[in-house]
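Taking it in order: structure first as structure tokens, then the write-up.
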Amino acid sequence: MKYKGIVFDLDGVICSTDHYHYLAWKALADRLGIYFDESINNRLRGVSRMASLDIVLERYDGTLSAEEKLAAAEEKNDTYRALLRQMSPADLSDEVKQTLDALRAKGLLLGIGSSSKNTKFILERIGLGDYFDKISDGTNITRSKPDPEVFLKAAEYLALAPRDCLVVEDAVAGIQAAHAAGMDAAAIGDAVSGGLAEYNLGSFSDLLRCVD
Ligand code: BG6
Ligand code: MG
């Protein structure tokens, strides 16, 4: 086997939360009178909450103090979490679950490497609360992708060398983070067009062909 472990990004890879992020940022942007659309939302992929806020505020006419920025980020997160509460195990596709089970059956360790501080909440909502061997997320990092920190921590938690891990990502910043960590990367969705990854997945189950 080429790898001993797989480290999955969460949002946009294991499940789809993009639209909830969009709705929550849009609600904040509307209240502040800031233009916001899907293409700006796409730039927030893989980016931490506070760095995302800075991108949203690029079109803001006024200025926010550090305290007001924290309050704005919290307001967005409250809206986002209220939307996440609608998620259930029905939001985990059969393809993703069956592929994860098949990878595990091959003896691979399975970890999460996500910038989100809501990782554990989301995993519980979709019925994967206890599924992954280790989780590295927004609560244990200080630097956002494309910095490799989140993936290096995932490898450390899994007790694997970075070169033995394959990262699965939907963000170009995430593919760059994987490479900076010394890991191969498989791109899915938005990250495919970046053309940087060792593998391009048309569908999640294509992963099974990358590991043997
Ligand atoms: C990433 C998302 O997974 O998590 C980003 O792709 C998001 O869009 C980031 O900003 C942080 O998420 P959270 O849940 O901590 O606000
Ligand atoms: Mg993602």
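Count of the range 32-56 residues, restricted to those that are without any contact (Cβ under 8 Å) to a residue 24 or more places away in the chain and either away from ligand 2 (no atom under 16 Å from the Cβ) or out of contact with any helix residue (DSSP H, G or I) (no Cβ under 6 Å at 6 or more places or on another chain) (or both), is 9. When R49, R85 are checked against the criterion of being within 10 Å of ligand 1 (Cβ to nearest atom), charged (D, E, K, R) and modelled with pLDDT of 95 or more, R49 stands alone in meeting it. Residues that are free of Cβ contacts under 8 Å to residues at least 12 places away in the same chain, under 27 Å from I141 (Cα atoms) and part of a helix (DSSP H, G or I) within the range 165-212 comprise just one, V192. The set of residues in the range 13-43 that are surrounded by fewer than 22 Cβ atoms within 10 Å (Cβ to Cβ) and in a loop (DSSP other than H, G, I, E, B) comprises S16, G33, I34, Y35, F36, D37, R43. Anything in the range 113-172 that is open to solvent by less than 20 Å² (accessible area, probe 1.4 Å) and aliphatic (A, V, I, L, M)? List them, or say none. Matches in the range 113-172: I122, L123, I126, L128, V150, A154, A155, L158, L166, V167, V168, A171. One residue is enough: does the range 6-26 have a residue meeting the conditions more than 15 Å from ligand 1 (Cβ to nearest atom) and more than 18 Å from the chain's Cα centre (by Cα)? There is no residue in the range 6-26 that is more than 15 Å from ligand 1 (Cβ to nearest atom) and more than 18 Å from the chain's Cα centre (by Cα).
Just for the range 188-212: of the residues that are of a type outside the set (S, T, Y) and touching an Asp or Glu at 6+ places or on another chain (Cβ under 6 Å), which one is nearest to K4 (Cα to Cα)?
The initial filter retains those residues of the range 188-212 that are of a type outside the set (S, T, Y), namely 188-192, 194-198, 200-202, 204, 206-212.
Then keep just the ones that are touching an Asp or Glu at 6+ places or on another chain (Cβ under 6 Å); that gives 188-191, 198, 204.
Details: I188: 20, G189: 24, D190: 26, A191: 23, E198: 17, F204: 19 Å.
Applying the filter and picking the extreme gives E198.
Residues in the range 101-119 that are within 16 Å of ligand 2 (Cβ to nearest atom) and either under 15 Å from V7 (Cα atoms) or aliphatic (A, V, I, L, M) (or both): G111, I112, G113, S114, S115, S116, T119. When the range 65-88 is filtered for residues that are open to solvent by less than 40 Å² (accessible area, probe 1.4 Å) and not small (G, A, S), the ones remaining, listed by number, are K76, N77, Y80, L83, L84, M87.
For the range 113-131, a residue qualifies if it is of a type in the set (D, E, K, R), assigned to a loop (DSSP other than H, G, I, E, B) and either closer than 28 Å to A180 by Cα or within 12 Å of ligand 1 (Cβ to nearest atom) (or both), and exactly one does: K117.
The values are calculated or read from the model by the stated rules, or taken from the named source; none is laboratory data. Model, not experiment: these values are computed from the prediction. Positions of Cβ are backbone-derived with ideal geometry, glycine not excepted, and every protein chain shown enters the neighbour counts. All accessible areas refer to the heavy atoms of the entire protein, side chains included, with ligands and DNA or RNA removed. Shrake-Rupley method; radii C 1.70, N 1.55, O 1.52, S 1.80 Å.
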